[in-house]
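Undergrad: Below are the structure tokens for one structure; questions will follow.
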Amino acid sequence: MYVKELEVINFRNYSNLKIEFAKGLNILVGENAQGKTNVLEALNYLGALKSHRGNKDKEIIKWGKNKAYIRANGSRNIGDFTLEFLLSLESKKEIKLNGIKINKTSEVFGTVNSVIFSPEDLRLLKDGPDVRRRFIDNELNQLKPKYHHYLNQYNKVIQERNNLLKQRVNNTLIDIYDEQLSEFGSFIILNRIEFIKKLSIISKLLHRKITNGKEEISIQYKTDVKDVSLKDIKEKLYRLYKENIAEDIKKGYTSKGPHRDDLIIFINGVDAKSYASQGQQRTAALSLKLSEIEIIKGETGEYPILLLDDVMSELDLIRQKYLLDSLKDIQTFLTITSLNDIEKFNFDKKRVFEVYNGTINVKEI
Ligand SMILES: Nc1ncnc2c1ncn2[C@@H]1O[C@H](COP(=O)(O)OP(=O)(O)OP(=O)(O)O)[C@@H](O)[C@H]1O
Ligand SMILES: [Mg+2]
């Protein structure tokens with residue numbers, strides 16, 4: 001799949017921007033703070049339906065304005081699409097797919113699949129469990145619309161349950177919450193199990209390639225409940241919430257469940273979080289991100305768009321080359337601060353955009 005054209009109005013530091021992209025490699029070059037990441041953020045919004053920087057919709061509206069607009073059109077195997085978002089300070093966002101208003105966000109997931117790789121992702125192994133959960137969830141949201149819905153519901157109920165726990169309440173409402181949590185939670189866990197299984201196989205192959213056979217990566221899903229069927233996970237999860245209620249009341253929050261899940265990543269048999277060097281952790285992060293792309297290809301039959309924000313300078317030459325070599329059939333958006341950074345690589349087809357203070361000029365085609 002690819003995005004042909006992007007238009008944004010009052011989005012971050014852009015008042016009005018309309019650009020046409022190449023099917024292959026798109027390079028955004030510009031000094032710091034000119035608007036490169038903002039373009040990637042708009043592109044990623046099409047797939048993730050939110051900012052990858054963790055910002056609320058309101059924060060991406062241009063300062064001093066009330067509304068922001070994003071429109072993109074592009075092409076997938078099943079046909080062309082136009083996706084529009086109207087973000088507002090006062091009201092809920094409006095979404096249109098092919099000119100038709102969409103009321104449920106989950107219906108537009110999967111129109112665009114995107115994978116973003118930014119410097120923060122290089123810390124995927126080092127940072128807290130929430131970062132790794134987000135990595136899994138972002139992927140599953142795009143692939144399984146129901147997942148997004150269940151995850152949202154789960155998080156809402158957890159908040160409600162925690163509110164009661166803080167008041168040291170253990171009543172029938174808690175029981176209703178536990179029922180709901182096991183229902184939503186079992187769906188989340190089962191999907192995560194399946195995803196991590198695929199991730200584990202693909203990343204093993206990729207990691208071997210990237211490291212020239214020197215390193216072996218293996219990934220384990222750390223969760224409180226593991227089983228093969230939805231029904232069994234649900235039952236065990238329900239029991240788990242019940243068993244921990246005294247502890248939960250003492251702590252004032254729900255201490256067990258899929259909201260505490262993590263990935264444990266081993267490199268050559270040892271826990272990478274504690275023992276891997278910075279370079280090894282970055283390479284592993286690269287393997288995981290590239291695996292994400294392959295999983296999307298496997299599930300949808302098409303590669304997602306790939307957004308590479310400032311990652312070239314963070315990788316050594318061998319990794320940079322490997323990364324660029326693996327992008328042949330993938331529409332890629334790459335940000336750099338100077339064209340010198342990529343002089344050493346040969347690209348057949350590319351389009352270069354000069355980004356300067358919220359404006360963009362095509363440099364060469
Ligand atoms: N809501 C907003 N309204 C207006 N301007 C904003 C808004 N949010 C961020 N900006 C501005 O957008 C500018 C460009 O940001 P961006 O992150 O895209 O820069 P960049 O080109 O990626 O820079 P770097 O090379 O440092 O990563 C920032 O200077 C910031 O002040
Ligand atoms: Mg940037």
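Each reported figure results from applying straightforward, stated rules to the coordinates on display, with no laboratory input. What you see is a predicted model; the values in this text were computed from it and never measured. Every residue, glycine as well, gets a Cβ built from its backbone with ideal geometry; the counts of neighbours run over all protein chains shown.
Undergrad: Whole-Hz ³J(HN,Hα) for each residue in the stretch 48-62, computed from phi via Karplus 6.51 cos²θ - 1.76 cosθ + 1.60 with θ = phi - 60°, x for glycine and proline: what do you get?
TA: 8, 6, 7, 6, 6, 8, x, 7, 6, 3, 4, 6, 8, 6, 3
Undergrad: OK, next. Starting at the first residue of the stretch 231-245, write each ³J(HN,Hα) from the Karplus equation 6.51 cos²θ - 1.76 cosθ + 1.60 with θ = phi - 60°, in whole Hz, x for Gly and Pro.
TA: 4, 5, 4, 4, 5, 5, 5, 4, 4, 4, 4, 5, 4, 9, 4
Undergrad: At a Cα cut-off below 23 Å, give the lysines reachable from K349, other chains included and same-chain residues fewer than 8 away excluded.
TA: Straight-distance partners of K349: K4, K18, K23, K36, K297, K321, K328, K363.
Undergrad: Given the Cα-Cα distance of D329 and K92 and 0.36 nm per residue of separation, how much length would full extension add, in nm?
TA: Numbers: separation 237, 0.36 × 237 = 85.32 nm, distance 3.64 nm.
In short, 81.7 nm is gained.
Undergrad: Over all directions, the average projected area of the alpha-carbon convex hull for the stretch 156-265 comes to how many nm²? Working shown, then result.
TA: Working: hull surface 30.2 nm².
That works out to 7.6 nm², a quarter of the Cα hull's surface.
Undergrad: Next question, about the same structure. Return the single residue from L181, L89, L40 with maximal mean-square fluctuation; model: Gaussian network over the chain, springs between Cα atoms under 10 Å.
TA: Looking only at L181, L89, L40, the largest GNM fluctuation is found for L89.
Undergrad: Quick one: what does P(r) look like for the stretch 214-272 with 5 Å bins over all Cα pairs, in whole %?
TA: Final binned percentages: 4, 17, 18, 18, 14, 12, 10, 4, 2, 0.
Undergrad: Say the dipole of the chain comes from +1 at the beta carbon of Lys and Arg and -1 at that of Asp and Glu; which of V29, L327, P119 then lies farthest toward its positive end?
TA: P119
Undergrad: If you place +1 on the Cβ of every Lys and Arg and -1 on the Cβ of every Asp and Glu, how big does the dipole about the Cα centre of the chain come out, in debye to the nearest 20?
TA: Working: 60 positive and 51 negative charges, 79 e Å.
For this selection, approximately 380 debye.
Undergrad: Also, I was wondering about something else. Mind jotting down the distance between the C-alpha centroids of the stretch 1-69 and the stretch 312-355, whole Å?
TA: Rounded to whole Å, the Cα centres lie 20 Å apart.
Undergrad: Please build a GNM for the chain, connecting alpha carbons under 10 Å apart, and tell me which residue among G257, G301, G54 fluctuates the most.
TA: Comparing G257, G301, G54 in the GNM, the peak value goes to G54.
Undergrad: Also, quick follow-up: Which residue fluctuates most in the GNM of the chain (Cα springs below 10 Å): Y69, Y253, Y221?
TA: Per the Cα network of the chain with a 10 Å cutoff, Y253 tops the list.
Undergrad: Name the residue farthest towards the positive end of the dipole of the stretch 234-282 from the options N244, I265, Q280, assuming +1 on Cβ of Lys and Arg, -1 on Cβ of Asp and Glu, about the Cα centre.
TA: Of the candidates, N244 comes out farthest on the positive side.
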